[in-house]
Amino acid sequence: MCIESNKKKGMNKGQFKIGNNASCKKWQSVEELESDIQAYFDGCDNNLIETDKGKVKEPYTIQGLAEALDVDRKTLLNYEKAKGYEPYFHTIKKAKNKIERQKVVNGLIGVSNPTITIFDLKNNHDHKDKQEINQKTEHDFKQPIWETTDFEKKK
């Protein structure tokens, strides 16, 4: 196991999480992860896809990034937010921001399908539909509601 072999060497690099001997981290440094992420973006930029709007660069996606990094989405989320992965937080956030920006721009210029773009932004980038509810009620508080009304007096 990673931790046991590192302990023999007097190191703690590659530890999955403090107190969790499950497995090694995939990347031993932030620089290794940054290099693999950049390779994904370069691959997308160099892969032109024919569409009805002409040739466009392959869109960046969270799923594509996870596949290129040979991890699942949950592992990618761990590297973004979980305890024990703090050195990697900024790197993953920066990659997700780049993916998000491309989706928004492609949506604005009509390159991508708006429905798919909205779905993806909600599910992978924490976007939400803003819903405003007006709960204003009309009531005349000059007359206490427990007093009888003129209509009831006439009965």
Counting other beta carbons within 10 Å of each Cβ, put Ile116, Ile62, Ile109 in order, fewest first. Ile109, Ile116, Ile62
Extension gain Lys93-Lys57, at 0.36 nm per residue separation less the Cα-Cα distance, in nm? 10.8 nm
May I ask you to sort Leu108, Leu65, Leu121 by Cβ crowding, counting other Cβ atoms within 10 Å and putting the fewest first? Leu108, Leu121, Leu65
Pairs to check: Lys94/Lys122; Lys94/Lys130; Lys74/Lys94. Give those whose C-alpha atoms are more than 23 Å from each other in this structure. Lys94/Lys130
Segment Lys81-Asp45, extension gain: residue separation times 0.36 nm, minus the distance between their alpha carbons: 10.2 nm
Surrounding net charge for Cys44, when Lys and Arg each add one and Asp and Glu each subtract one, Cβ distance under 9 Å: -2
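Just so you know, all these numbers are worked out from the coordinates, no wet-lab data involved. Given the structure is predicted, the values throughout are model-derived calculations rather than measurements. Glycine gets a Cβ as well: all are built from the backbone with ideal geometry, and neighbour counts include every protein chain shown.
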